[in-house]
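The structure under discussion appears below in the form of structure tokens.
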Amino acid sequence: MHINSDLHIHSKYSAATSRHMELKAIASEAKKKGIQLVGTGDCLHPRWLEEAKAHGASDGVFEVEGTHFVLTVEVEDRHRVHHLIILPDAAKAEELHDRLHHFSRDIDADGRPRLQLSGDEVVEHAIEVDGLVGPCHAFTPWTALYAYFDSLRECYKDMAKHVAFLELGLSADSDYADTISELSELTFLSNSDAHSPWLNKFAREFNRFEVRDITFDELKKAILRRGGRKPVLNVGFFPEEGKYNRTACTRCYRQYALDEAIGRGWRCECGGLIKKGVRDRVRELATYDVPHHPPHRPPYVHTIPLAEVVKLAIGKGVNTASVREIWLSLIEQAGSEIAALIDVPLDSLEGVDERVIRAIGHFREGKLIIEPGGGGRYGVVSLPEEDGFNSESTPQRTLLDF
Ligand SMILES: [Zn+2]
Ligand SMILES: [Zn+2]
């Protein structure tokens with residue numbers, strides 16, 4: 001069976017997250033988005049773990065109103081690198097908490113704890129409790145592996161061989177990461193890192209896995225690509241949509257060529273700090289000029305959140321009742337967000353605003369314009385000028401092409 005899975009979100013117990021990040025609210029959004037398996041995030045936080053246990057996390061993957069959850073946590077190491085850990089059950093999460101609390105002052109306060117440990121030590125603790133571990137949003141210019149290190153080995157030392165996956169982050173895709181030869185053996189994850197259940201955040205990136213059942217062991221096999229279980233699709237942003245795609249000022253968002261940023265000592269004209277973009281960072285690290293996809297690498301389907309497309313079409317805010325109403329009608333008719341965006345024949349959609357149908361059509365034909373993000377500001381998506389279509393656009397492939 002194929003399952004869609006978003007393995008990196010945060011609960012209401014992480015800093016700067018929505019108080020709506022509750023299991024039931026997430027489960028209900030997951031259903032609408034066609035996501036069967038969600039990472040809980042924050043599973044070392046005692047109260048969040050209690051809530052998970054109340055739904056059956058002691059036995060492993062648990063179900064809330066039809067959506068499955070697996071225990072996950074993002075931790076920050078002493079170099080500020082973020083790592084994602086996926087755990088078998090609540091007892092293992094408690095064991096990991098007991099190991100790590102000696103190295104953390106905020107493990108009981110923040111869902112994403114900071115640890116006085118290095119990357120290799122984080123991996124060591126994670127595998128001791130049978131967890132799967134890998135770097136989060138690996139290329140972003142801060143709190144990430146390649147922000148501070150030039151290779152997996154530099155960060156993880158002897159433990160690099162135990163790294164199970166690499167999370168691409170919103171500003172990168174597998175074309176970017178497969179220019180770096182040391183990553184060819186790793187499974188790439190595309191996760192949302194959502195801090196709220198809003199339409200355009202949760203599951204804005206997800207993975208599709210081939211598994212026999214929805215359990216931790218099956219997920220583990222899929223991530224490690226064993227026994228026929230494997231990732232079959234990554235779905236996520238065009239890298240340009242991400243907020244760190246281009247090298248840019250973190251204050252005024254002015255974008256710079258890499259040489260210019262270096263020449264300016266990473267100071268913007270406005271006095272703000274310039275941050276290296278993911279695109280430039282990947283070029284520095286690249287072994288190849290073009291991606292070398294290993295045979296196991298699944299296709300990567302680029303999307304724009306459906307709610308963003310609706311917002312563009314009708315010119316209302318993404319969290320307004322009008323956008324939500326159209327969004328709901330689309331996914332009810334199509335079955336899921338990704339089907340509405342990519343698969344369903346547009347003329348089969350009934351009672352949907354003509355402008356929305358046209359905007360989805362533009363998306364499918366690769367005609368939406370993306371002004372790349374950078375410096376912490378997301379890329380800006382816009383509709384094509386009525387009579388100024390870009391003739392070089394590449395049509396979006398449908399899921400049936402894979
Ligand atoms: Zn992070
Ligand atoms: Zn500036």
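The values are calculated or read from the model by the stated rules, or taken from the named source; none is laboratory data. Values in this document were obtained by computation on a predicted structure and should not be read as measured data. Here the Cβ positions follow ideal geometry from the backbone for every residue, glycine too, while neighbour counts run over all protein chains shown. These accessible areas exclude ligands, DNA and RNA; they are computed on the full protein's heavy atoms, side chains included. Shrake-Rupley method; radii C 1.70, N 1.55, O 1.52, S 1.80 Å.
Say the cut-off is 25 Å between C-alpha atoms; which of Lys161/Lys276; Lys32/Lys201; Lys157/Lys220; Lys201/Lys311 go over it? Can you show the working numbers first?
Working: Lys161/Lys276 28 Å; Lys32/Lys201 13 Å; Lys157/Lys220 23 Å; Lys201/Lys311 14 Å.
From Lys161/Lys276; Lys32/Lys201; Lys157/Lys220; Lys201/Lys311, over 25 Å: Lys161/Lys276.
Could you order peptides 55-64, 372-381, 313-322 by the average number of other Cβ atoms within 10 Å of their residues, highest first?
Details: 55-64: 17.7, 372-381: 21.3, 313-322: 13.6.
Ranking the peptides 55-64, 372-381, 313-322 by packing returns 372-381, 55-64, 313-322.
Quick one: accessible area per residue over segment 2-238, 1.4 Å probe, rounded to a whole number of Å²?
Values: 8220 Å² over 237 residues.
Per-residue value: 35 Å².
For Glu50 and Glu371 in one chain, what is 0.36 nm times their gap in residues minus the Cα-Cα distance, to one decimal in nm? Don't skip to the answer; put the middle values down first.
On the way: separation 321, 0.36 × 321 = 115.56 nm, distance 4.30 nm.
Computed gain between Glu50 and Glu371 is 111.3 nm.
If we count every other residue with Cβ under 12 angstrom of Thr247's Cβ, Lys/Arg +1 and Asp/Glu -1, where does the sum land?
Working: positive: Arg246, Arg254, Arg264, Lys275, Lys276, Arg279, Arg281, Arg283; negative: Asp259, Glu260, Asp280, Glu284.
Within the 12 Å Cβ shell, the charges total +4.
Output ³J(HN,Hα) for segment 51-58: one whole-Hz value per residue in order, computed from phi by the Karplus curve 6.51 cos²θ - 1.76 cosθ + 1.60 with θ = phi - 60°, and x for Gly and Pro.
In residue order, the calculated couplings are 4, 5, 5, 4, 9, x, 5, 5 Hz.
Need the full-extension length gain, Glu65 to Asp158, defined as separation in residues times 0.36 nm minus the C-alpha distance. One decimal, nm. It would help to have the intermediate numbers written out before the result.
On the way: separation 93, 0.36 × 93 = 33.48 nm, distance 4.18 nm.
Extra length from Glu65 to Asp158 when fully extended: 29.3 nm.
Roll a 1.4 Å probe over the protein chains and send me the accessible area per residue for segment 253-318 in Å². Please list the in-between numbers first.
Details: 3260 Å² over 66 residues.
Value for segment 253-318: 49 Å² per residue.
DSSP beta bridges in segment 1-144, what fraction antiparallel, as a percent rounded to 5? Spell out each step's value before the answer.
Values: 13 of 19 bridges.
Percentage antiparallel, nearest 5: 70.
Report the label-to-label distance for Glu332 and Glu22 in nanometres (one decimal), using points 7 Å from each Cα along the Cα→Cβ vector.
The two pseudo-label positions are separated by 2.4 nm.
Quote the charge dipole size of the chain about the Cα centre in Debye, to the nearest 20; the model charges only the Cβ of Lys and Arg (+1) and of Asp and Glu (-1).
Numbers: 49 positive and 63 negative charges, 131 e Å.
Dipole magnitude for the chain comes out near 640 debye.
In deg cm²/dmol, rounded to 500, what helix-only [θ] at 222 nm does the chain give when every DSSP H run of at least 4 residues adds -39500 (n - 2.57) and the total is split over its residues? Before the final figure, lay out the partial values.
Working: 13 runs with 111 residues, N = 402.
One gets -7500 deg cm²/dmol as the mean residue ellipticity at 222 nm.
What nm distance separates the two modelled labels at Thr320 and Val380, each placed 7 Å from Cα along Cα→Cβ?
1.8
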